[in-house]
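A short worksheet on the structure shown next.
Values quoted throughout were computed directly from the atomic coordinates according to the rules given, and no laboratory measurement underlies them. Please read all numbers here as calculations on a predicted model, not as lab measurements. Neighbour counts run over all protein chains shown; Cβ positions are idealised from the backbone, glycine included.
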Amino acid sequence: MGDDDPGPVEEEPRRFFLHRWADASGVSGTGRIAYGVAWSDGRAITRWIGSTTGVQQICVWDSVDEILRIHGHGGQTEIHWLDDAPVGHLAALAPSPAEPIS
């Protein structure tokens, strides 16, 4: 890599929120329960809103799918994208902002 080559350009991160339709545990509540960012390498970060618990924990995940495996509660929690799908190589893998993952 020479001085004129800035190296690979990382795609912009993509923001989302988690929406929970039903709270079987009675702990985290319903509606928007967390905000997050998905990075171009597949990792993600969530920050829990904590409106029912007062806990606004920040978590780092290996993938968005991992978030849903743990907090999806059988389709009761969905991801809603706040940003458009990326333009680069991840565009084919990313759902549109209006298309929740369940």
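Please grab the % of Cα pairs in the stretch 14-81 that end up more than 20 Å from each other.
Values: 436 of 2278 pairs.
Result for the distance tail: 19 percent.
Compute the signed sum of charges (Lys and Arg +1, Asp and Glu -1) over the other residues within less than 13 Å, Cβ to Cβ, of F17.
Values: positive: R14, R15, R20, R32, R47; negative: E78, D83.
Summing Lys and Arg as +1 and Asp and Glu as -1 gives +3.
Is there a quick way to get the dipole size of the stretch 14-81? I mean about its Cα centre, with the Cβ of Lys and Arg at +1 and of Asp and Glu at -1; what is the value in debye to the nearest 20?
In debye, rounded to 20, the stretch 14-81 gives about 220.
Return the FRET efficiency for the residue pair D41, L82: r is the Cβ-Cβ distance, R0 is 25 Å, and the value is rounded to the nearest 0.05.
0.80
Quick one: 3J(HN,Hα) in Hz for the stretch 16-33, Karplus 6.51/-1.76/1.60 with θ = phi - 60°, rounded, Gly and Pro as x.
8, 9, 9, 10, 9, 7, 9, 10, 4, 7, x, 9, 8, x, 10, x, 6, 10
When only C-alpha pairs under 8 Å and at least 6 residues apart count, what is the relative contact order of the stretch 14-81, in percent?
Rounded, it is 34 percent for the stretch 14-81.
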